[in-house]
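Notes to accompany the following structure.
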Amino acid sequence: MIYDNIAAISSPRGIGAISVIRISGYNLLEILKKLTKKEKIKPKYMYYGWIYEEQEKIDEITFVYHENPNSYTGEDMIEIFGHGGDLITKSVFRRILKENIREALPGEFSKRAVLNKKMNLIKAQAINDIINSKTEYSLNASQKMFTGGISKKIIEIKEDILNISARLEVEMDYPEDIEEDTFEIRKEIENIKSKIENILKNSENGIIAFNGIKTTIVGKPNSGKSTLLNALLRKERAIVTDVPGTTRDTIEEMLNIKGILIKLIDTAGIRNTEDQIEKIGIERSKKAIEESDLVIFIIDGNKKFDSEDTDILQFLNEKKKEKIIALNKIDKEYKDIKIEKEKIIKISAKNKQIEDLEKEIYERYSEKLYIKEPTLTNESHKNILEKVLKDVKSALEASKNNLTNDFIMYDLRNSLENIYKLTGENYTDELLEKMFSNFCVGK
Ligand code: GDP
């Protein structure tokens, strides 16, 4: 039998004290003995030794062997700790690949862990989120997903649904002997519904905390949008991610305000002031505004507050958007504009005098985004859970309307299909592919 053994350099590239190489697969003990020329190797012990190529010593290492199923992936695993440094690590890695072991794909270790039921999908996602957290607030949100027991909550909901389904089924099979209390059943479905609603409610902020507050800067031409953008992105705090292979329109610019992550959207449109499209003004930004969690509306302090400003304001109010209004160019003589019931922050984007604006953002979000309850951090998980909620609600309706058990069970079965997507019991290759391709190699 040919085993599909995989290996990866799990530590970051570059020079460091120690590098880590992981191997997962089957019959690894034999391979490890050959690599290290050690005869007696027990699982879970750390050994000191060398990696050999024939008689030649390649690197001085320590290593641990894990025997299946007691490992991260559930397979045999080896962890090798060698000297840090790209060249030495690569030469050890090349040596390992000669043993019928191939290079792992991104996230493949975690994917195997899920397939071998060592971990469910939500937990795998949480681990990846922790690794990828860009600011303290995102890290907190992903930790609440991981240690905050979201997967435990989801499993609890799953078991509640299974339990009710089983009871309804038994009643259908033995209608003379068993009669479930319909009121009781209804109460339990209601209970499940509120558990799901609770998670969804927390997740709204959890997703924002982890992924960043989607923010758009709007204002009429020449109000100072692009200048403000540059001021906000002062190099030392900006996290600019240029998503490879995409057009300039999807460049994401991330910003860290005292640990709060801001994701500036539509920045390509703002930057490109030569662009005629930009001159159309608000039209272009409407879509971005609709997708935003927060809009920063800039008013030009050197100009009259005109119909163009009113249009923008009206649109924001219509859409009930969270907004911050900033009066710009206060370094010159400016008109002190007042708008009823609105707080106006004064800034000078040109002089990078934007502390009050940053303070406003921090004050508005620091409490709200400090997640304390178990939360999801991922929009697609939230969408799946919303589908679960829809079916649970439909089951509740069926119960309230005194429909027969098979109607209720039909809805509950549908809700389970989606719950299984979250726990990883019902996965499609596509779903796994999409999820794990975002992982690092070696995780
Ligand atoms: P946009 O069209 O809204 O992106 O506006 P820009 O950022 O391109 O700015 C338009 C003009 O206003 C430029 O000449 C800027 O230098 C100027 N400007 C922007 N912010 C300020 C400011 O705070 N004070 C002053 N005096 N001028 C500013």
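The values are calculated or read from the model by the stated rules, or taken from the named source; none is laboratory data. Values in this document were obtained by computation on a predicted structure and should not be read as measured data. Please note: Cβ atoms are built from the backbone with ideal geometry, for glycine as well, and neighbour counts cover all protein chains shown.
Which residue, of Leu403, Leu357, Leu396, is buried (at least 16 other Cβ atoms within 10 Å of the Cβ), of a type in the set (A, V, I, L, M, F, W, C) and away from the ligand (no atom under 16 Å from the Cβ)?
Only one candidate qualifies: Leu396.
Of the residues in the range 421-443, how many are assigned to a helix (DSSP H, G or I) and either loosely packed, with under 15 Cβ neighbours inside 10 Å or on the phi > 0 side of the Ramachandran plot (or both)?
Result for the range 421-443: 4.
Conditions (1) on the phi > 0 side of the Ramachandran plot; (2) in contact with a strand residue (DSSP E or B) (Cβ under 9 Å, 6 or more places away or on another chain), marked per residue:
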| residue | (1), (2) |
| --- | --- |
| Glu358 | no, yes |
| Ile361 | no, yes |
| Ser366 | no, yes |
| Ile371 | no, no |
| Leu389 | no, no |
| Leu396 | no, no |
| Asn402 | yes, no |
| Asn405 | no, no |
| Ile408 | no, no |
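Among the residues of the range 36-59, how many are at positive phi and in contact (Cβ under 8 Å) with a residue 24 or more places away in the chain?
Selection size over the range 36-59: 1.
I want to confirm something. Restricting to the range 41-56 and keeping residues that are part of a strand (DSSP E or B) and among the charged types (D, E, K, R), which single residue is surrounded by the fewest Cβ atoms within 10 Å (Cβ to Cβ)?
Restricting to residues being part of a strand (DSSP E or B) and among the charged types (D, E, K, R), the top hit is Glu56.
Which residue pairs have Cβ atoms closer than 9 Å, lie 6 or more positions apart in sequence or on different chains, and pair a first residue in the range 195-222 that is over 22 Å from Tyr362 (Cβ atoms) with a second residue that is within 16 Å of the ligand (Cβ to nearest atom) and of a type in the set (Val, Ile, Thr)?
Matching pairs, first to second residue: Lys220/Ile282; Lys220/Ile298; Lys220/Ile299; Lys220/Ile312; Pro221/Thr273; Asn222/Thr273.
Out of the range 303-347, which residues are hydrophobic (A, V, I, L, M, F, W, C), within 16 Å of the ligand (Cβ to nearest atom) and in a loop (DSSP other than H, G, I, E, B)?
Correct list: Phe305, Ile330, Ile337, Ile347.
For the range 287-300, indicate whether the set of residues that are at pLDDT below 95 and small (Gly, Ala, Ser) is non-empty.
Yes, the conditions are met somewhere in the range 287-300.
Inside the range 161-196, can you point out the residues that are in a loop (DSSP other than H, G, I, E, B) and of a type in the set (Phe, Trp, Tyr)?
Tyr174, the sole residue that qualifies.
What are the residues in the range 73-100 that are of a type in the set (D, E, K, R) and part of a helix (DSSP H, G or I), if any? Before you say what the answer is, go through the steps one by one.
To start, the set of residues in the range 73-100 that are of a type in the set (D, E, K, R) comprises 75-76, 79, 86, 90, 94-95, 98-99.
Of everything in the range 73-100, those that are of a type in the set (D, E, K, R) and part of a helix (DSSP H, G or I) turn out to be Asp86, Lys90, Arg94, Arg95.
Look through the range 213-234, keep the residues that are out of contact with any helix residue (DSSP H, G or I) (no Cβ under 8 Å at 6 or more places or on another chain) and part of a loop (DSSP other than H, G, I, E, B), and return whichever of them is surrounded by the fewest Cβ atoms within 10 Å (Cβ to Cβ).
The selected residue is Arg234.
Of all residues in the range 4-32, how many are assigned to a strand (DSSP E or B) and on the phi > 0 side of the Ramachandran plot?
Qualifying residue count for the region: 1.
What single numbered condition from (1) at pLDDT below 90; (2) part of a loop (DSSP other than H, G, I, E, B); (3) buried (at least 16 other Cβ atoms within 10 Å of the Cβ) fails to hold for Leu369?
Looking at each condition in turn, Leu369 falls short on (1).
Could you tell me which residue of the range 183-212 is nearest to the ligand (Cβ to nearest atom), considering only residues that are closer than 30 Å to Lys346 by Cβ and buried (at least 23 other Cβ atoms within 10 Å of the Cβ)?
Here the residue is Gly212.
Of all residues in the range 69-89 being under 16 Å from Met119 (Cα atoms) and among the polar types (S, T, N, Q), which is nearest to the chain's Cα centre (by Cα)?
The residue in question is Thr73.
Can you say whether Asp411 is more than 30 Å from Glu188 (Cα to Cα), in a helix (DSSP H, G or I) and either within 16 Å of the ligand (Cβ to nearest atom) or in contact with a helix residue (DSSP H, G or I) (Cβ under 6 Å, 6 or more places away or on another chain) (or both), as far as the supplied structure shows?
So Asp411 does not fit the description; no.
I need the full set of residues from the range 114-136 which are touching a strand residue (DSSP E or B) at 6+ places or on another chain (Cβ under 9 Å) and of a type outside the set (Lys, Arg), in order please.
The answer is Ser133, Thr135, Glu136.
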